[in-house]
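Remarks on the structure that follows.
The values are calculated or read from the model by the stated rules, or taken from the named source; none is laboratory data. Predicted, not measured: the structure shown is a model, and the values here were computed from it. Cβ sites come from the backbone with ideal geometry, for glycine too, and all protein chains shown count toward neighbours.
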Amino acid sequence: MKFPTKLISALGISLAASLTFAQANIEPVNELPNPYQIITGFFNMPAGREWGASSSIDVDPDGKSIWIAERCESDSIRAGYPIRGCAESNLPVVLKFNSDGEMVRSFGGGIFAVPHGFHVDDSGNIWVTDAPFTLPPGTEGKGHIVVKFSPQGDRLLTLGTPGVTGTDESHFNMPSDVHVAPNGDIFVADGHGGDSNGRIVKFDSQGNYLMEWGEPGSGPSEFDAPHGLAMDSQGRLFVSDRGNNRIQIFDQQGNLLDTWHQFSRNSGIYIDDNDMLFAVDSESNESRGRGDWRRGIRVGSARTGEVHFFIPDPFDANNGPYAASSGGEGIVADKDGIIYSAEVGPRSIKRYFRFE
């Protein structure tokens, strides 16, 4: 997708601004065109089943079917939450919907506590991370793992040790996301802020540990909730470093290439085949010192860093039931550029259709 030079100039964003992008104190990127119309209720659950929270969504290699992992009709497990995620449920977690919004496949019940990160690789295999905040007493064998399924739902590989946290090559602590490179190497964003880890762990296609980088913090190559992963056509790994309100960009050996703040405090990130970058901010508000940045979806270029469009969050960021978190935490776009966001607070999947 190409954009006229006059439009880019009118937005006040230029190629020469890359150094500005690396600064944390840039002006909020809020006032941009929004050519998208929101559509709710597109996906149809089977009779008797309701949507739970979800941060997990991706597109099938066919470019149209959408895969989602939802939290067993409930919210996530966190201190003070009355609803307990999937820890005590056997409901199927991984759901496939066709291009008409009808569910055509489901599997993965009884395996996860809080399905969180999600990736569909080039072969159509489904990858899910399990990142519980806390586990109910008596819960065993769930949490802190990454699971690979075949497109039919066969369990092919498990990384990590179920229910056990750690910092070595065989343990995770709240892995937030996973991404598989075209050559089959596996990257896990291990950590969700707080007392969890803050690193990227790399494995080969068979699940053998290769290397890792990062630690909790706010400096270069440090992370405070590495919440989302994506890879561009150059093979660069984009990390949504949510707690630090930035994207950090690495090569596949862990060398830091760039840091971007213009996409805001993004929970989820997706890059399509044309290097269009979709980033969703579900958390910016006054209580986090982000009252000047509006929550919503920013769409731009993974090649240059320019932000072209902004889709505002429909909910109040500072008051009401979704002040803590709204909008999507997971995000994807299909081959026609239709955007889908998976929401934790509102417990829904929203569809954004471009009307230009």
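In region 309-322, the count of residues that are without any contact (Cβ under 8 Å) to a residue 40 or more places away in the chain, surrounded by fewer than 18 Cβ atoms within 10 Å (Cβ to Cβ), among the hydrophobic types (A, V, I, L, M, F, W, C) and touching an Asp or Glu at 6+ places or on another chain (Cβ under 8 Å) is zero. Taking the numbered list (1) at positive phi; (2) of a type outside the set (Val, Ile, Thr); (3) buried (at least 24 other Cβ atoms within 10 Å of the Cβ) in turn, GLY235 passes all entries but (3). In region 97-114, of all residues being more than 17 Å from the chain's Cα centre (by Cα) and surrounded by 20 or more Cβ atoms within 10 Å (Cβ to Cβ), the one that is modelled with the lowest pLDDT corresponds to ALA113. Applying the condition of being of a type in the set (D, E, K, R) and not in a strand (DSSP E or B) to region 278-291 and asking which residue is nearest to ILE331 (Cα to Cα) yields GLU283.
When restricted to residues that are surrounded by fewer than 24 Cβ atoms within 10 Å (Cβ to Cβ), touching a residue at least 40 places away in the same chain (Cβ under 8 Å) and among the acidic types (Asp, Glu), region 256-302 contains 5. For GLY191, the conditions (1) more than 30 Å from GLU306 (Cβ to Cβ); (2) crowded, with 24+ Cβ neighbours inside 10 Å; (3) of a type outside the set (Val, Ile, Thr) are fulfilled apart from (1).
Within region 318-333, track down each residue that is touching a Phe, Trp or Tyr at 6+ places or on another chain (Cβ under 9 Å) and either part of a strand (DSSP E or B) or farther than 18 Å from GLY300 by Cβ (or both). Within region 318-333, PRO321, TYR322, ALA323, SER326, GLY328, GLY330, ILE331, VAL332, ALA333 meet the criteria. Among the residues of region 206-221, those identified as crowded, with 18+ Cβ neighbours inside 10 Å and either in contact with an Asp or Glu (Cβ under 6 Å, 6 or more places away or on another chain) or farther than 17 Å from ALA22 by Cα (or both) are GLU212, GLY214, PRO216. Within region 45-63, the set of residues being among the hydrophobic types (A, V, I, L, M, F, W, C) and surrounded by 13 or more Cβ atoms within 10 Å (Cβ to Cβ) comprises MET45, TRP51, ALA53, ILE57, VAL59. Does ARG294 qualify as being within 20 Å of SER55 (Cα to Cα) and either among the aliphatic types (A, V, I, L, M) or part of a strand (DSSP E or B) (or both)? The answer is no for ARG294. Scanning region 115-143 for residues that are at positive phi and modelled with pLDDT under 95, we see that the one that is surrounded by the fewest Cβ atoms within 10 Å (Cβ to Cβ) is GLY138. Can you tell me which residue is farthest from the chain's Cα centre (by Cα) among those in region 39-74 that are basic (Lys, Arg) and at pLDDT below 95? Per the criteria, the residue is ARG49. Residues that are in a loop (DSSP other than H, G, I, E, B) and modelled with pLDDT of 90 or more do occur in region 309-317. Could you tell me whether any residue of region 182-194 is under 24 Å from ARG298 (Cα atoms), in contact with a strand residue (DSSP E or B) (Cβ under 8 Å, 6 or more places away or on another chain) and charged (D, E, K, R)? The answer is no, given that none of the residues of region 182-194 is under 24 Å from ARG298 (Cα atoms), in contact with a strand residue (DSSP E or B) (Cβ under 8 Å, 6 or more places away or on another chain) and charged (D, E, K, R).
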